[in-house]
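What follows draws every value from the coordinates through simple rules; no lab data is involved. Predicted model, so just to flag it, every value in this text is computed and none were measured. We place every Cβ from the backbone using ideal geometry, glycine too, and count neighbours over all the protein chains shown.
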2 protein chains.
Amino acid sequence: MITGSVLIGRQDRVGSGGVFDAVDPATGERIAPAFGAAGAAEVDEACALAEAACASFSATTLEARAAFLDAVADRIAARKDDLVARAMRESGLPRARLEGEVGRTVGQLRLFAGVVRQGDWLDATIDPALPDRQPLPRVDLRRLHVALGPVAVFGASNFPLAFSVAGGDTASAFAAGCPVVVKGHPAHPGTGELVARAVREAVAACGLHEGVFSYLPGPSIELGGALVADPRIKAVGFTGSRGGGLALLRIASERAEPIPVYAEMSSINPVILLPAALEARGDAIATGFVQSLTMGAGQFCTNPGLLIGIDGPALDRFAEAAGQALSASQPVTMLTPGIHASFEKGVEALETHQAVKVVARGCVGDGVNQARGALFETDAASFLADPVLGHEVFGSSSVLVRCKDTAEIKKVIAGLEGQLTATLMMDDADHALAAELVMPLAAKAGRVLANGWPTGVEVSHAMVHGGPYPATSDGRTTSVGSLAIARFLRPVCFQNLPDALLPAALRSDNPWQIARRVDGVVARG
Amino acid sequence: MITGSVLIGRQDRVGSGGVFDAVDPATGERIAPAFGAAGAAEVDEACALAEAACASFSATTLEARAAFLDAVADRIAARKDDLVARAMRESGLPRARLEGEVGRTVGQLRLFAGVVRQGDWLDATIDPALPDRQPLPRVDLRRLHVALGPVAVFGASNFPLAFSVAGGDTASAFAAGCPVVVKGHPAHPGTGELVARAVREAVAACGLHEGVFSYLPGPSIELGGALVADPRIKAVGFTGSRGGGLALLRIASERAEPIPVYAEMSSINPVILLPAALEARGDAIATGFVQSLTMGAGQFCTNPGLLIGIDGPALDRFAEAAGQALSASQPVTMLTPGIHASFEKGVEALETHQAVKVVARGCVGDGVNQARGALFETDAASFLADPVLGHEVFGSSSVLVRCKDTAEIKKVIAGLEGQLTATLMMDDADHALAAELVMPLAAKAGRVLANGWPTGVEVSHAMVHGGPYPATSDGRTTSVGSLAIARFLRPVCFQNLPDALLPAALRSDNPWQIARRVDGVVARG
């Protein structure tokens, strides 16, 4: 069932971009079969088909669009065992995690199906004609959201299912009515192909244009670049490294027609340890911290890579407890040899940094590509003086910053780059200080938490997985949760059009029975 | 009352960027007083103040924010006579137009006051905790929109009031809670200063931080570039030329922290003349066309610069009627000598183009800087072959493209760049063809009209004044109408925060009584 093919619409192709292998990171061994990487010819074909699919796919009824999302979900759910087995070998991630990820992938497709059916995302808005208005009449104006066009989605290394071929970006682009061309991640090409076949089956079963979905696996930077540069692509969804995201941003901005790139790139997710909480339950916080830090080898965008607290005995006790827990933590296989090498390099840079002290490292393992957790500490002045200390080390590495007082905590917060999350560990007695920090943290992050850990991202309506640059390239959006549909839409106004020529969502009899804003006030359908 | 000052918060400053003059375009003479252009020092001060104003301004109550917008509107309305008198001299525009523009400026400030009071723009969204959910509980998640931060607004030459110092961009940025630093257009510095003083008075009267508004007039490209490059600026609103917009885009994308630029740049606003309408009422359409084309010397972003119809006797009659009407049209003073020179250059390029025929020119005038209307024609093959024929000539210049058949009309539409508007002139018998064109036109434009002219943009909820590149740099938004508030917002999620630490809009007792989405369904407050 895994053939190593490129999937262009309904066709299997042998990729023209050379051959590459899936690798088991736990052993370093290749996993059959060999994969043909997509080349320029396949990019061209996939984009041409995607463009050809635009008009019909963006014009489906809400029910047809939702049924398609459900059909993709059904087919992924039906392949759960095969997917988990293959993804375990390709990613080194454990069964429970991957089973959960199948559930999340299916769940977010169904969430978007519900969002599509409800129709609020169309933002249907009607300003009725006012023929008698003085000094000038008003003509009938009706607005709704339309799909941007073909979207390029880059699969992420660290979520082989939930942020890959049929992950969040693909689900939200489909929901918006955009055909999707996936650039498959080379770290899990077999998993990717299985999912791609499931999506393709759903396209066919729903009678949609084959160009709604194509799948271009491959390891080369050129492949991704060619896809983003293709003039038929109108938006890009990416989760990965800062370097990778910035390269795509550059390509997108240099196109004859620049396009939006939603790149989720880099975050160290500061956790502020407020005094009363630290005093009362520093040990428990330390335990929770190490669990969050080391889960999945720390390979989460929301991994807690920065702790901030006021120097003193309570922080000493916290550091000791965290150090003990971390020292007992087992090494974990990382996703790819490349990610492991980057982790080692990042940890070494901190270990050898003059202003940094090692608090603890995790246990040494005997396997390849394993991450040993790392906790470092430094003082606020040093942290503020060297931006390198605030750069993400992807994996279970974190830096504790000791501040002299609350004023210095505020300075450290003010000096932070944009983040996906920021967390306050607080007790009742911390409220006054927390109240001063909430909005400054909201100015830096897409999500502000109290008394929780940032890992574990709920897929729901209120979730924001985004944040100011460089957490993402576009802080006006989210890549997780129902609001992500907005990334692939733009508004169009229809002025004085005969009812029969309007999109169904705007016709006077409201055939889809959706909520619409009339003269500024929303009325249910 | 006009002193030629730069306004930094509550202070008047003598600009450090040299001296420049206001010019009466009807005579070419300077108008007193001399103006001091803002320099790098004033950019720095204005941005520092704007940043200092962010926290308090973005945290006002809805009522306080709305009252401020109303206060700006009141003060502009109160200065109507002075504003109109000064703007007439600086812009050459007639009294009635400028009186209308004061009304529009005041009206859009009040529209945004209403939008702010209603609170829908916050998109307040609550996913309540589900402590008993299996396999994992859900924590309380609450989301709302927050202000992006200080916004740089570039005044436009062609709307000295409605798209300048307190125009649409400023109103929507204020509504979102963003301090504004205006780069004043040198074509109407006296008008700009009068408005800037009105805004500043409103800031003071409402007890807001002085940094909420600063005004930096000046003629240099460097001034605008320095403002966009300032790290404290978080978004840019611009209306002007393609070259100017692209230059700002480049600066914004090269910043250490790239920021969104909303540049409204270039559009030729195609008008499709469908066969039945052309046959039945070609003369009336021709008359309406020439009125729309020549109004205000054609200095509108929505000026009808492209006509598309099927070759034949009906189109011949239309061209003849339009030519006759245009030949009788009087020359009109343009906004600035520079705009006039560009218009002349653009018209000359068409006049001397091998594939282009002159249909008619307007009357020759005896004043300086006057535009004579120009109507050209060409065939579809030539139009498709040379992109220059599809470039905007800012002013009353338009090109009629003769197509062989409807297939060729579709080809011309498919070859168009992004547009602000696209118009169908149609009768009942044209419906079948129109139905095939509506969504292809919607794919190219922000607004699709039937049987109207694109000039005259209603400021309302359903309006979209935007469109795919290069009409704008960001087709996901609008610069006119209430939806423009979305350009200056980003979502933030609060997870598990104690009620007292949440922004008012998200507290459990809903103190502002706004509509909120709870578990995916909107409930009124």
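Compute the FRET efficiency between residue B:507 and residue B:136 as 1/(1 + (r/R0)^6), taking r as their Cβ-Cβ distance and R0 = 30 Å, and round to the nearest 0.05. For residue B:507 and residue B:136, the calculated efficiency is 0.70. The helix-based estimate of mean residue ellipticity at 222 nm for chain B, built from -39,500 (n - 2.57) per DSSP H run of four or more residues and divided by its residue count, is -12000 deg cm²/dmol to the nearest 500.
With the simple spin-label model, which puts each label point 7 Å out from Cα in the Cβ direction, the residue B:82 to residue A:12 separation comes to 7.9 nm. I'd like the distance separating the alpha-carbon centroids of the stretch B:180-203 and the stretch B:248-327, in whole Å. Centre-to-centre distance over Cα atoms comes out at 31 Å. A cut-off under 12 angstrom between Cβ atoms defines the neighbours of residue A:338, and their net charge, with Lys, Arg +1 and Asp, Glu -1, is 0.
Pairs spanning more than 23 Å between alpha-carbon atoms, out of B:357/B:444; B:80/B:234; A:234/B:444; A:183/A:234: B:357/B:444; B:80/B:234.
Averaged over the residues of peptide B:469-475, the number of Cβ atoms from other protein chains lying within 10 Å of each residue's Cβ is 3. Counting charges near residue B:127 (Lys, Arg +1; Asp, Glu -1) among other residues having Cβ under 10 Å from its Cβ returns a value of +1. Spin-label pair residue B:129-residue A:64: with each label point 7 Å from Cα along the Cα-Cβ axis, the two points sit 4.5 nm from one another. Protection proxy ranking of A:405-416, A:495-506, by the mean of other Cβ atoms within 10 Å over each peptide's residues and highest first, is A:495-506, A:405-416.
Suppose R0 equals 22 Å. What FRET efficiency, 1/(1 + (r/R0)^6) with r the Cβ-Cβ distance, do residue B:250 and residue A:222 give to the nearest 0.05? After rounding, the FRET efficiency stands at 0.35. Other residues within the sphere of radius under 12 Å centred on the Cβ of residue A:296, judged by their own Cβ, net out at 0 (K and R +1, D and E -1). Placing a label point 7 Å from Cα along the Cα-to-Cβ axis, residue B:207 is separated from the same position in the other copies by 6.4 nm, shortest listed first.
Legend: ranking of residues B:347, B:72 from fewest to most surrounding C-beta atoms inside 10 Å; resulting order B:347, B:72. Charged side chains reduced to their Cβ positions (Lys and Arg at +1, Asp and Glu at -1) give the protein assembly as shown a dipole of some 860 debye around its Cα centre. The stretch A:16-43 and the stretch B:489-507 have Cα centres lying 46 Å from one another. Treating r as the C-beta distance of residue A:432 and residue A:26 and R0 as 45 Å, the FRET efficiency rounds to 0.35. Mean per-residue shielding of peptide B:496-504 is 5, counting Cβ atoms of other chains within 10 Å of each Cβ.
Among residues of chain B, the one whose beta-carbon sits closest to the B-to-A rotation axis is listed with its distance in Å as B:253, 3. Placing unit charges on the Cβ atoms of the charged side chains and taking the dipole of chain B about its Cα centre, the candidate lying farthest along the positive direction among B:107, B:271, B:93 is B:107. The slack between residue B:204 and residue B:283, meaning 0.36 nm per residue of separation minus the straight C-alpha distance, is 22.9 nm. Given +1 at the Cβ of Lys and Arg, -1 at the Cβ of Asp and Glu and no other charges, the dipole of the stretch A:301-378 around its Cα centre is 120 debye to the nearest 20. With its label point defined 7 Å out from Cα along the Cα-to-Cβ axis, residue B:3 lies at 7.9 nm from the matching points of the other copies, in increasing order.
Only one residue of A:312, A:483, A:390 has its Cα farthest out toward the positive end of the dipole of the protein assembly as shown, where Lys and Arg carry +1 and Asp and Glu -1 on Cβ, and that residue is A:483. A simple packing score, the average count of other Cβ atoms within 10 Å per residue, orders the peptides B:479-485, A:430-436 as B:479-485, A:430-436, with the highest score first. With label points defined 7 Å past Cα in the direction of Cβ, position residue A:291 shows copy-to-copy spacings of 7.3 nm, given to one decimal and shortest first.
Specify which residue in the list A:400, A:225, B:68 is farthest towards the positive end of the charge dipole of the protein assembly as shown, using unit charges on the beta carbon of Lys, Arg (+1) and Asp, Glu (-1), about the Cα centre. Most positive-ward Cα: B:68. Look at the stretch B:133-143: the mean tally of other chain Cβ atoms within 10 Å of its residues' Cβ atoms is 3. In terms of packing, defined here as the mean over residues of other Cβ atoms within 10 angstrom, the peptides A:63-69, B:143-149, A:149-155 line up highest first as A:149-155, B:143-149, A:63-69.
Here chain A is assigned +1 on the Cβ of each Lys and Arg and -1 on the Cβ of each Asp and Glu. Its dipole about the Cα centre then comes out at about 900 debye.
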